[in-house]
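Presented below is the structure to which this report refers.
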Amino acid sequence: MSLSEDAAQHPLTEVSAPGVPDPVPGLFSNAVVADGIVYISGMHAGGAGPVPDDMLSQTREALRRVVALAEAAGAGKERITKITVYVTSMEDRAAVGQARKEVFTGPLPAATMVQVSGFIDPALKVEVEAVAHLPR
């Protein structure tokens, strides 16, 4: 992927990363870059084998995929500026917080957590989307 060559002709550049399952073709991209901003679609622990049962493991995997996409775009985890975490139960927020502390150290990205009724796969408990900025 060459962001500079592609940016002149296309406003969006798709990003993929090793170890991150491809999205459903024709529906969305895992991540795109536009004007130096990396937009990362909701990542979860599904699509690559069995889904772990616990919130901590699922959040770790979702964040691993978010970071992999940020790095593939050239941003890295330290340039992630905003995350939105969707959970099926706020009772599991401590596990989400633990996983976030393992990944992010100061300054921390802005964050929002929202409880949802469920995901496409009922085994999923969490999904994380993010925004990052490329270095200038």
Report summary line: Out of (1) modelled with pLDDT of 95 or more; (2) under 17 Å from Ala75 (Cβ atoms), the one Gln115 does not meet is (2)
Query raised in the report: Which is part of a helix (DSSP H, G or I), modelled with pLDDT of 95 or more and either touching a strand residue (DSSP E or B) at 6+ places or on another chain (Cβ under 6 Å) or not polar (S, T, N, Q) (or both), of Leu124, Leu63, Leu108?
Result: Leu63
Query - Lone qualifier among Ile120, Ile83 - being of a type in the set (A, V, I, L, M, F, W, C), within 18 Å of Val20 (Cβ to Cβ) and surrounded by 11 or more Cβ atoms within 10 Å (Cβ to Cβ) - result: Ile83
Report task. Scan segment 108-127 for residues that are closer than 19 Å to Pro52 by Cβ and out of contact with any Ser or Thr (no Cβ under 7 Å at 6 or more places or on another chain) and report the count. Result -> 7
Report task. Only residues in segment 10-29 that are loosely packed, with under 10 Cβ neighbours inside 10 Å count as the first member; pair them with residues that are of a type in the set (S, T, N, Q), Cβ under 7 angstrom, at least 6 apart or cross-chain, and list the lot. Result -> Asp22/Ser16
Report task. Could you identify the single residue in Gly74, Gly46 that is crowded, with 16+ Cβ neighbours inside 10 Å and under 16 Å from Ser16 (Cα atoms)? Result -> Gly74
**Report entry** Residue pairs meeting the criteria (Cβ under 6 Å; at least 6 apart or on separate chains; first touching a residue at least 60 places away in the same chain (Cβ under 8 Å), in segment 62-80; second outside any helix (DSSP H, G or I) and charged (D, E, K, R))
**Finding:** none
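The values are calculated or read from the model by the stated rules, or taken from the named source; none is laboratory data. Computed from a predicted model, the values in this text were never measured in an experiment. In this analysis, Cβ positions are derived from the backbone assuming ideal geometry, glycine residues included, and neighbour counts consider all displayed protein chains.
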